[in-house]
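The values are calculated or read from the model by the stated rules, or taken from the named source; none is laboratory data. Quick caveat: nothing in here was measured; it's all calculated off a predicted structure. Cβ placement follows ideal geometry from the backbone for every residue including glycine, while neighbour counts extend to all protein chains displayed. These accessible areas exclude ligands, DNA and RNA; they are computed on the full protein's heavy atoms, side chains included. Shrake-Rupley method; radii C 1.70, N 1.55, O 1.52, S 1.80 Å.
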Amino acid sequence: MILASQLVFFTFIWITLMPNASVVAEIKTPHPRCPSSMEQTRKQETRMRKEDSTKVWPLKYKQILHIEDHDFAMRPGFGGSPVPVGIDIQVESIDGISEVDMDFTMTFYLRHYWKDERLAFPSKTNKSMTFDHRLIEKIWVPDIFFVHSKRSFVHDTTVENIMLRVHPDGNVLFSVRITVSAMCFMDFSRFPLDTQNCSLELESYAYNEEDLMLYWKHGNKSLNTNEHISLSQFFVEEFSASSGFAFYSSTGWYNRLFINFVLRRHIFFFVLQTYFPAMLMVMLSWVSFWIDRRAVPARVSLGITTVLTMSTILSGVSASMPQVSYVKAVDVYLWVSSLFVFLSVIEYAAVNYLTTVEERRRFKKTGKISRMYSIEASQAMAFDGCYHDSKTDMDQTSFSLHSEEGALQARCISNLSADSPRIKRRKSLGGQVGRIILENNHVIDTYSRILFPTVYIMFNLFYWSIYV
């Protein structure tokens, strides 16, 4: 009886506990066809990381370069020896030279080399990592500036032209493309036969020689140029790199690097635009020595024209040059040429005055008007611009300085007898013109025809032997 009752009791307990055990088993044992939500989320994250690794790249480069672990406001090795920063430059172009502003514009690639052990990272392949301008603000870079620069900018098309390359051992290459306009202290004493020496100077702004040592990375080979660099007015004769020091009384000594280049000016443009026109004006002024001294309008107008032309050439050259306080080579040539033109005008004034004085003296001695004031061919040609045969015209009328009626009568008679002078004019034109020029020539004109060209040729030989 007791055994039966125990059996009934255990059976009741088993029936009661079996449903709860099955539920617990279902919770602990996952169903193979229905994964939990946590496992699904984990698998999706893993898949996304494999498909798009850029989602976690900012975390990776910050962790690899230890950017968050260091204070990059301080230079590498702060408190120790100065950090060496190597420089090399690839000159792309010289965009322009301005004589008026005394400056030049240059575009080049500026590359910095230094070592920052704070950026070292482990690498099995020993490959460097390359970054753009977005990393520059997060790390230390040299603070290079250009001495005597007026304007400068970093090219930003299509993005900022900046490249940063970090090697596993901490060596850094920082490259930037820059255009700089800087001063060039030019000497125009030999312009336009001059040679200009210009330089672009690089220096650290904040770090003196105790903190930063600036040097050319590859010595004289650190400065590379484009073989096709050309300018409209200059030959680029030489590019060279040098280094030195700069002292400031308040901050100390600084390392300074120099980019030196020599420019030689093209002379052919100025020969065509300045020297050759000046020569022509001087030679044109000599034509007045061969014009009859009584042809006052012709000789005066020729002299005034050449003087005004020379002043125009002078003003044109001065407008394109800076206002310097010394004499330039082109000024010497143009002012001497202007002097020759001016002297040719003064020469005729002297000839005219001496001729008048001579005729007055003869008139006082003889009481008669000199033969020079008779209506010879030279006088008629001087007054009305036409050639007249002297044998025919002198038989018909005479000329008086104090009688306008006589001049009008001579003009009328010469016009009436048109046929016979025309025939004689054709036969004796060459001989008469030569005789007229020789008979009415003043001694000053005779000497001027030889003296002016001789002196001007000697001046040209002296000028070009000095400046060329």
Given the conditions (1) open to solvent by 20 Å² or more (accessible area, probe 1.4 Å); (2) touching a residue at least 12 places away in the same chain (Cβ under 8 Å); (3) not in a strand (DSSP E or B), report the number of the one that TRP253 does not fulfil.
(3)
Qualifying positions in segment 312-334 - in contact (Cβ under 8 Å) with a residue 12 or more places away in the chain and either open to solvent by 60 Å² or more (accessible area, probe 1.4 Å) or on the phi > 0 side of the Ramachandran plot (or both)
SER320, TYR326, VAL327
Looking only at segment 297-313, decide whether some residue is modelled with pLDDT of 85 or more and not in a helix (DSSP H, G or I).
no
Counting only residues that are at pLDDT 95 or above and open to solvent by less than 40 Å² (accessible area, probe 1.4 Å), how many does segment 442-468 have?
6
Counted residues in segment 66-88 being out of contact with any helix residue (DSSP H, G or I) (no Cβ under 7 Å at 6 or more places or on another chain), of a type in the set (A, V, I, L, M) and not in a loop (DSSP other than H, G, I, E, B) come to 2
What about THR306, is it open to solvent by less than 50 Å² (accessible area, probe 1.4 Å) and within 23 Å of ILE97 (Cβ to Cβ)?
no
Is it the case that segment 280-292 has a residue that's under 23 Å from the mean Cα position of the chain (by Cα), open to solvent by 70 Å² or more (accessible area, probe 1.4 Å) and not aromatic (Phe, Trp, Tyr)?
no
Within segment 198-208, count every residue that is out of contact with any Leu (no Cβ under 8 Å at 6 or more places or on another chain) and open to solvent by 10 Å² or more (accessible area, probe 1.4 Å).
5
Contacts under 8 angstrom Cβ, first residue in segment 209-233 being within 24 Å of GLU99 (Cβ to Cβ) and open to solvent by 60 Å² or more (accessible area, probe 1.4 Å), partner of a type in the set (Gly, Ala, Ser) and modelled with pLDDT of 90 or more, 6 or more apart
ASN226/SER93
